[in-house]
Amino acid sequence: MHRNRLEAVYITDSSPQGGPMKKDRAAIILAAGKSTRMKSATSKVLHHVGGRSMLAWVKAQADAAGVSKVVCVVGEANQDVRDAAKAMGMEIAVQEPQLGTGHAVLAAKHILADFDGTVTVLYADTPLIRTETTHRVFDALDGADVAVLGFEAADPGAYGRLITRGDELTAIVEAREATPKQLAIQLCNSGVISASRADMFSALSRVTNDNAKGEYYLTDIIEILRSDGKKTVAVIGDEAEVLGVNSREDLAMAEQAFQSAKRAEIMDGGVTLRNPDSVIFAFDTIAEQDAIIGANVVIEEGVRIRKNAEIKPFTHLAGCEIGEGASIGPFARIRPSTNVGENAKIGNFVETKNLDLGKGSKIGHLSYVGDAELGINVNIGAGTITCNYDGYNKHKTIVGDHAFIGTHSSLVAPVTIGEGAFLGSGGVITKDVPDDALAIARADQVNKDGWAKRYHAAHQKRKDK
Ligand code: UD1
Ligand code: MG
């Protein structure tokens, strides 16, 4: 308890330079929209970009900015969003009916009643805002009362326009309300707005729906707070990061934007991508220096590729760690909980799952190895299968260091192959094999002299008739 209090003081105390006290931060994520244009039974914000939902992206933006509380505003109909948001540790505010962005933020008011700090509004359908940008919006409040994230739009279309004077933001005018002169402005509102909780809700209580859409506009708080004598500023971000997703086409654009940024980040870290545009990454992919990734590799959530490892073409990786100097593929499928040791090799048409593969071990061709622990320098022959599932439970296969598993072995789990053991080809191994033993588990071969010749002769005779 004592320790927690000390930490809390440390975090909220003034900066070493004696700057202003850092205020406690909260985020309100708007997700009450109907998302009809996605034509999906799943709520829009639960669709994925870079392997995680847009809602999870936005939650991560808030977390990275150091918020202590996140409220997600959902519609009555978005039960799936409510469940997902709860599972991510957010508080839920229901907005029903949906009467505009200002009305949506007001739905979170009771949850933040006792909160004394700054609040930032984020949209759940705007997944790609960078951490630095979210920080800049919060930090702008050190010298102002309200900060809005703006961007220069190539085609400003229906976006709200930012009216500025010097470095001050004097108003946000929605496109429908804008004069032709205002419509020519390219500086637009991303939707991200930061202010103290007190200012935000004091202004929102005075917003009316007397406008073209008959909605309560969050953007109206700018002029209201200025009339209170507050300072309002704009922080400028890139158009690419404020891309909002409304349709499947937008979703694909967001995915492309994420992938290009991630490819650049990975290459910048000293990794070779032989054909960058054909490699698909996930939000959390880590690849270390001098790793090489070939063409058409797909990487799902939870993958770490260590130094000097090579991922050859057409390989699929998910939830795995590839050790230093290891080589994977081409055409390999590495499933979750696979740990590939240093300098180990996995070749073509190999599938692994829940596997610990020791240093220098090899699974060269056409194998399935799951629920297994393989020691160091193990050699798995082509066509080896771990028979890990009996229809009800999964069982473990353990293979000791330096063991040699002959081609086409079936390892019927649970089973343990001792260190240095040698399995003859084609065995169905149902019993443990001691260290250094040879196991042969196949029928003895029978040779019948002249049999084939007689066989062909008999068939040929019938055919000739
Ligand atoms: C809003 C801004 C506009 C800005 C644009 C950026 C206002 C009045 N306008 O316009 O200045 O350029 O976003 O994309 O704020 N939402 C709710 N409940 C509601 C209405 C909306 O939760 O009652 C949510 C939506 O799910 C969405 C976000 O708020 O995530 C924005 O709503 P939307 O209707 O798209 O606002 P725009 O008209 O695009
Ligand atoms: Mg919109």
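Would you please give the residues with an amide H less than 5 Å from that of E310, counting only those at least 5 places away or on a separate chain, with H modeled from the backbone geometry?
Here I292, A326, S327, I328 satisfy the definition.
Give me the three principal axis extents of segment 165-222 from the C-alpha atoms, as integers in angstrom, largest value leading.
On the principal axes, segment 165-222 reaches 34, 30, 17 Å in Cα extent.
Could you derive backbone 3J(HN,Hα) for segment 91-96 from the dihedral phi with the Karplus parameters 6.51, -1.76 and 1.60 (θ = phi - 60°), listing whole Hz in sequence and x where the residue is Gly or Pro?
Result, rounded to whole Hz: 8, 10, 10, 9, 10, 8.
Under the rule of at least 5 residues apart or a separate chain, name every residue whose amide H is placed under 5 Å from the amide H of Q95.
Excluding prolines and chain starts, which carry no amide H, the hits are V74, G75, E76.
Equivalent ellipsoid semi-axes for segment 277-390, as square roots of 5 times the alpha carbon gyration tensor eigenvalues: give them largest first, rounded to whole Å.
Semi-axes from the Cα gyration tensor: 21, 14, 13 Å.
What does DSSP give for the chain in terms of the percent of beta bridges that are antiparallel, rounded to the nearest 5?
20 percent
Within 10 Å, count the other beta carbons around each residue, average over each peptide in 197-209, 403-415, and list them highest first.
Numbers: 197-209: 17.6, 403-415: 20.9.
Result, highest mean Cβ count within 10 Å first: 403-415, 197-209.
Using the Kirkwood radius over Cα pairs, work out the Stokes-Einstein diffusion coefficient for segment 372-465 at 37 °C and 0.692 mPa s, in µm²/s as a whole number.
Numbers: Rh = 15.1 Å.
This corresponds to a translational diffusion coefficient of 217 µm²/s.
If you take the C-alpha gyration tensor of segment 329-376, multiply each eigenvalue by 5 and take the square root, what semi-axes do you get, largest first, in whole Å? Before the final figure, lay out the partial values.
On the way: eigenvalues 41, 30, 14 Å².
Largest first, segment 329-376 gives 14, 12, 8 Å.
Just to verify a number: FRET efficiency for F331 and S410, C-beta to C-beta distance, R0 = 25 Å, to 0.05? Could you put the intermediate results ahead of the total?
Working: r = 22 Å, r/R0 = 0.88.
The pair F331/S410 has a calculated efficiency of 0.70.
Students often check this: by mean Cβ neighbours within 10 Å, which of 25-31, 225-231, 75-81 ranks highest, and how do the rest follow? The partial results should precede the final answer.
Details: 25-31: 26.4, 225-231: 14.4, 75-81: 18.0.
Top to bottom by mean Cβ count within 10 Å: 25-31, 75-81, 225-231.
Please work out the Cα convex hull volume for segment 248-439 and give it in Å³ per residue.
Working: hull volume 18.3 nm³, N = 192.
Residue-normalised Cα hull volume stands at 95 Å³.
What are the principal axis extents of the Cα atoms in segment 245-284, in Å, biggest first?
Rounded to whole Å, the extents work out to 35, 17, 12 Å.
Can you give the helix-only mean residue ellipticity at 222 nm for the chain, where every DSSP H stretch with n ≥ 4 adds -39500 (n - 2.57) and the sum goes over all residues, rounded to the nearest 500 deg cm²/dmol? Write out the running numbers ahead of the final one.
On the way: 10 runs with 100 residues, N = 465.
-6500 deg cm²/dmol, from helical runs alone.
Only counting other Cβ atoms within 10 Å, I'd like M267, M90 sorted with the fewest neighbours first. Could you put the intermediate results ahead of the total?
Working: M267 14, M90 25.
Listing M267, M90 from fewest to most nearby Cβ atoms yields M267, M90.
Determine the dipole magnitude for the chain: charges of +1 sit on the beta-carbon of Lys and Arg, -1 on that of Asp and Glu, nothing else is charged, the reference point is the Cα centre, and the result goes in debye to the nearest 20. Spell out each step's value before the answer.
Numbers: 52 positive and 59 negative charges, 397 e Å.
The calculated dipole for the chain is roughly 1900 debye.
In segment 72-176, what percentage of the DSSP-assigned beta bridges are antiparallel, given to the nearest 5?
Values: 5 of 8 bridges.
Rounded to the nearest five, the antiparallel share is 60 percent.
Apply the Karplus curve 6.51 cos²θ - 1.76 cosθ + 1.60, θ = phi - 60°, to the phi angles in segment 356-372 and return the couplings in whole Hz, x for Gly and Pro.
Residue by residue, segment 356-372 yields 9, 10, x, 3, x, 7, 9, 10, x, 8, 6, 10, 10, 10, x, 6, 9 Hz.
Among Y123, G102, M253, flag the residue with its Cα farthest along the positive direction of the charge dipole of the chain, charges on Cβ as +1 for Lys/Arg and -1 for Asp/Glu.
Going by the charge dipole, the pick is M253.
Count charges around D238 for me, please; just the other residues with Cβ under 14 Å from its Cβ, Lys/Arg as +1, Asp/Glu as -1.
Within the 14 Å Cβ shell, the charges total -2.
Under a crude label model (7 Å from the Cα following the beta-carbon direction), how far is D444 from E419 in nanometres?
The answer from the label model is 3.5 nm.
Beyond 18 Å, what share of the Cα-Cα pairs of segment 73-124 is found? Please give it as a whole percent.
Details: 412 of 1326 pairs.
So the portion of pairs separated by more than 18 Å is 31 percent.
Compute the relative contact order of the chain as a whole-number percentage, counting only Cα pairs closer than 8 Å that sit 6 or more residues apart in sequence.
On the way: 1138 pairs, mean separation 36.8, N = 465.
Normalised by residue count, the contact order of the chain is 8 percent.
Please enumerate, by chain and number, the lysines with C-alpha under 30 Å from the C-alpha of K44, excluding those fewer than 8 residues away in the same chain.
Result set, ordered by chain and number: K34, K59, K69, K86, K109, K213, K262.
At 0.36 nm per residue, minus the direct Cα-Cα distance, what do M267 and W451 gain on full extension? Give it in nm, one decimal, please.
Length difference between fully extended and current span is 60.0 nm.
Give me the extension gain from A252 to K431: residue separation times 0.36 nm, minus the current Cα-Cα distance, reported in nm with one decimal.
On the way: separation 179, 0.36 × 179 = 64.44 nm, distance 5.16 nm.
The A252-K431 span can extend by a further 59.3 nm.
Between A458 and A184, what is the spin-label point distance in nm, taking each point 7 Å from the Cα along the Cα→C-beta axis?
In this crude label model, A458 to A184 measures out at 9.8 nm.
I want to verify the translational diffusion coefficient of the chain in µm²/s; compute it with Stokes-Einstein, Rh as the Kirkwood radius over Cα pairs, at 37 °C and 0.692 mPa s.
Rounded to a whole number, D works out at 125 µm²/s.
Which of V242, G360, V207 sits closest to the plus end of the dipole of the chain, meaning its Cα is farthest towards the positive end, when Lys and Arg get +1 and Asp and Glu get -1 on the C-beta?
Looking along the dipole axis, the top candidate is G360.
Within 10 Å, Cβ to Cβ, of G75, how many net charges do the neighbouring residues add up to if Lys/Arg are +1 and Asp/Glu are -1? Spell out each step's value before the answer.
Details: positive: K34, R82; negative: E76, E96.
Taking every other residue near G75 into account, the sum is 0.
Output wanted: per-residue J couplings in Hz (rounded whole) for segment 148-153, from phi through Karplus 6.51 cos²θ - 1.76 cosθ + 1.60, θ = phi - 60°, x for Gly and Pro.
10, 8, x, 7, 7, 8
Please give every one of the lysines within straight-line cross-link reach of K353, meaning a C-alpha to C-alpha distance under 18 Å, and leave out same-chain neighbours fewer than 8 residues apart.
Filter leaves K345, K362, K394, K396.
Counting only residues 5 or more places away or on other chains, whose amide H sits under 5 Å from the amide H of V119 once H atoms are built in the peptide plane?
Residues meeting the amide H criterion: A26, A195, S196, R197.
Sorted by average packing, counted as other Cβ atoms within 10 angstrom per residue and highest first, what order do 32-40, 139-147, 175-183 take? Write down the numbers at each step before the final one.
On the way: 32-40: 16.8, 139-147: 19.3, 175-183: 12.3.
Those peptides, ordered most packed to least, come out 139-147, 32-40, 175-183.
Just so you know, all these numbers are worked out from the coordinates, no wet-lab data involved. Quick caveat: nothing in here was measured; it's all calculated off a predicted structure. When we count neighbours, we look across all protein chains shown, and the Cβ atoms used for this are built from the backbone with ideal geometry, even at glycine.
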